Amino acid sequence: MRAVARALLLLLSSQVVAHQPVMDMAPRWEGGYGIQTRVERFDSRTTTWLEGVYTLRPSTRVTFKLPYVDDELRNVIIGVPLKKYTNRGAFTSNWSVTPSVQFPTADEGEWDVGLSISYSASTPSSYKLYDLYVWNDRVGLDINVGIHPVHNNSTNSGLFAIWDVSMLASSDGDRVQTGPVLMFYWQNVMARLEYKALVYERDSNWSGGYFGFGIGAVF
Amino acid sequence: MILRKSLFALVVALSAAPVVAQDYVVTVHGIVCSFCAQGVVKKVSKLPFVDRSAYTNGVKVEIENQKVTVAVREDSALDTLSLFAAIESGGYSPIEVWKVSETGELTAYQP
């Protein structure tokens with residue numbers, strides 16, 4: 001029974017991160033597209049995500065996310081981020097509403113839907129993202145606040161250093177994780193490295209930290 | 001004979017001389033991250049009047065002051081409307097255009 005509950009929890013946890021934006025920063029240009037893979041390690045389990053994005057116009061994107069767990073492809077998730085940008089001097093921000101649908105592509109997969117509302121803002125030296133999402137009976141809030149301490153205009157390269165706080169409340173338990181994120185970019189390639197420690201947990205049976213690595217490119 | 005050779009050499013040299021680009025600077029609101037703004041380079045560099053031999057495909061982005069420098073071919077004229085449309089399709093807001101003099105001074109550009 002405990003094993004079943006644990007397996008269910010792991011499956012749910014792989015869906016929980018599905019709300020996270022595929023490359024929030026780019027591509028914001030019309031006709032831009034990107035692909036990335038992310039590997040997550042938590043609770044002695046490794047999940048690999050294949051993710052893609054296509055920008056029809058700056059206000060409308062289409063994303064897909066395909067998780068791969070234990071030699072098995074899981075349910076694909078299609079999202080449509082709808083964005084409203086504001087550009088003002090050395091500041092840009094956007095509000096985003098993202099409806100998502102999970103298609104039952106896995107064995108015994110199920111349909112599901114989710115909704116995310118997010119706000120992100122950037123200056124040449126700072127970045128922040130707030131993302132509130134609902135997925136089935138789960139409600140979560142992600143907060144990213146960071147700095148942009150290194151960049152080189154001529155090589156289009158640099159680094160973001162971000163602090164992440166992820167909060168989740170659900171019928172399967174609640175938790176709060178927090179930790180640093182480093183995002184490197186060089187021309188059209190970006191890599192993301194993150195670690196989050198579990199700082200609060202109630203009835204979720206989670207243990208240990210979260211480690212993630214991702215690499216992607218935009219065109 | 002020597003004069004004819006000299007004239008011929010001069011004509012050859014002039015015809016082979018590289019075309020000098022003319023720089024224009026565009027103030028673009030919202031450009032704060034070069035990774036995010038590479039769509040501007042992609043879109044603007046495809047415009048026919050851009051000299052792609054300069055900068056990165058003819059375009060330079062400076063996120064500190066929200067400036068985009070565009071190298072325009074000597075044998076072409078800047079088309080402000082298509083330049084602004086390209087920047088907007090890249091996700092940003094073009095505000096005004098400046099012409100760069102040989103001494104590097106900026107003067108407001110009126111097409």
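The values are calculated or read from the model by the stated rules, or taken from the named source; none is laboratory data. Model, not experiment: these values are computed from the prediction. Backbone-built Cβ (ideal geometry, glycine too); neighbour counts: all protein chains shown.
Would you pick out the residues in the stretch A:54-80 that are in a strand (DSSP E or B) and either farther than 26 Å from B:ALA37 by Cβ or small (Gly, Ala, Ser) (or both)? A:LEU66, A:PRO67, A:TYR68, A:VAL69, A:GLU72, A:LEU73, A:VAL76, A:ILE77, A:ILE78, A:GLY79, listed by residue number. Before we move on, is A:THR178 farther than 20 Å from B:GLN38 by Cα and at pLDDT 95 or above? So A:THR178 fits the description; yes.
It is to be established whether one or more residues within the stretch B:49-57 are among the charged types (D, E, K, R), touching a Gly at 6+ places or on another chain (Cβ under 9 Å) and without any contact (Cβ under 8 Å) to a residue 60 or more places away in the chain. Checked the stretch B:49-57: at least one residue is among the charged types (D, E, K, R), touching a Gly at 6+ places or on another chain (Cβ under 9 Å) and without any contact (Cβ under 8 Å) to a residue 60 or more places away in the chain. Residue by residue through the stretch A:81-95, note down the ones that are in contact (Cβ under 8 Å) with a residue 24 or more places away in the chain, in a strand (DSSP E or B) and surrounded by 15 or more Cβ atoms within 10 Å (Cβ to Cβ). Matches in the stretch A:81-95: A:LYS83, A:TYR85, A:THR92, A:SER93, A:ASN94.
Residues of the stretch A:136-171 that are in a strand (DSSP E or B), over 19 Å from the mean Cα position of the chain (by Cα) and among the β-branched types (Val, Ile, Thr): A:VAL150 alone. Just one of the listed residues (B:THR56, B:THR107) is surrounded by fewer than 19 Cβ atoms within 10 Å (Cβ to Cβ) and within 10 Å of another protein chain (Cβ to nearest Cβ), namely B:THR56.
For the stretch A:168-183, does any single residue satisfy the condition of being closer than 16 Å to A:MET25 by Cβ, touching a residue at least 24 places away in the same chain (Cβ under 8 Å) and not small (Gly, Ala, Ser)? So far as the stretch A:168-183 goes, yes, one or more of its residues are closer than 16 Å to A:MET25 by Cβ, touching a residue at least 24 places away in the same chain (Cβ under 8 Å) and not small (Gly, Ala, Ser). Restricting attention to the stretch A:54-80, the residues being crowded, with 17+ Cβ neighbours inside 10 Å and either of a type in the set (Gly, Ala, Ser) or within 14 Å of another protein chain (Cβ to nearest Cβ) (or both) number 4.
Test A:ASN136 against the criterion of being modelled with pLDDT under 95, under 19 Å from A:GLU40 (Cα atoms) and more than 14 Å from every other protein chain (Cβ to nearest Cβ), and give yes or no.
no
Counting the residues of the stretch A:30-53 that are of a type outside the set (Ser, Thr, Tyr), part of a strand (DSSP E or B) and either surrounded by fewer than 19 Cβ atoms within 10 Å (Cβ to Cβ) or within 14 Å of another protein chain (Cβ to nearest Cβ) (or both) gives 9.
If you take the residues in the stretch A:96-118 that are of a type outside the set (A, V, I, L, M, F, W, C) and surrounded by fewer than 14 Cβ atoms within 10 Å (Cβ to Cβ), which one is modelled with the highest pLDDT? Among those that are of a type outside the set (A, V, I, L, M, F, W, C) and surrounded by fewer than 14 Cβ atoms within 10 Å (Cβ to Cβ), it is A:PRO99. Just so you know, in the stretch B:22-34 the residues that are closer than 16 Å to B:GLU88 by Cβ and of a type outside the set (Ser, Thr, Tyr) include one that is farthest from the other protein chains (Cβ to nearest Cβ), and it is B:VAL26.
Return the residue satisfying two criteria in turn: it lies in the stretch B:35-53 and is closer than 14 Å to B:ILE87 by Cβ and assigned to a loop (DSSP other than H, G, I, E, B), and of such residues it is nearest to the other protein chains (Cβ to nearest Cβ). Give the steps one after another, and end with the answer.
We begin by selecting, within the stretch B:35-53, every residue closer than 14 Å to B:ILE87 by Cβ; these are B:36-47, B:50.
This time we only want the ones that are assigned to a loop (DSSP other than H, G, I, E, B), so: B:36-37, B:46-47.
Working: B:CYS36: 5, B:ALA37: 9, B:LYS46: 11, B:LEU47: 14 Å.
The selected residue is B:CYS36.
Within the stretch B:78-104, being surrounded by fewer than 16 Cβ atoms within 10 Å (Cβ to Cβ) and either without any contact (Cβ under 8 Å) to a residue 12 or more places away in the chain or within 10 Å of the chain's Cα centre (by Cα) (or both) holds for B:LEU81, B:ALA85, B:SER101, B:GLU102, B:THR103, B:GLY104. Say whether the condition of being under 30 Å from B:VAL41 (Cβ atoms), surrounded by 14 or more Cβ atoms within 10 Å (Cβ to Cβ), among the β-branched types (Val, Ile, Thr) and touching a Phe, Trp or Tyr at 6+ places or on another chain (Cβ under 7 Å) is met by at least one residue in the stretch A:178-197. No, every residue in the stretch A:178-197 fails to be under 30 Å from B:VAL41 (Cβ atoms), surrounded by 14 or more Cβ atoms within 10 Å (Cβ to Cβ), among the β-branched types (Val, Ile, Thr) and touching a Phe, Trp or Tyr at 6+ places or on another chain (Cβ under 7 Å).
Those residues that are of a type in the set (Gly, Ala, Ser) and more than 19 Å from A:PRO27 (Cα to Cα), I need them from the stretch B:71-111; list them, please. Within the stretch B:71-111, B:ALA71, B:SER76, B:ALA77, B:SER82, B:SER101, B:GLY104, B:ALA108 qualify.
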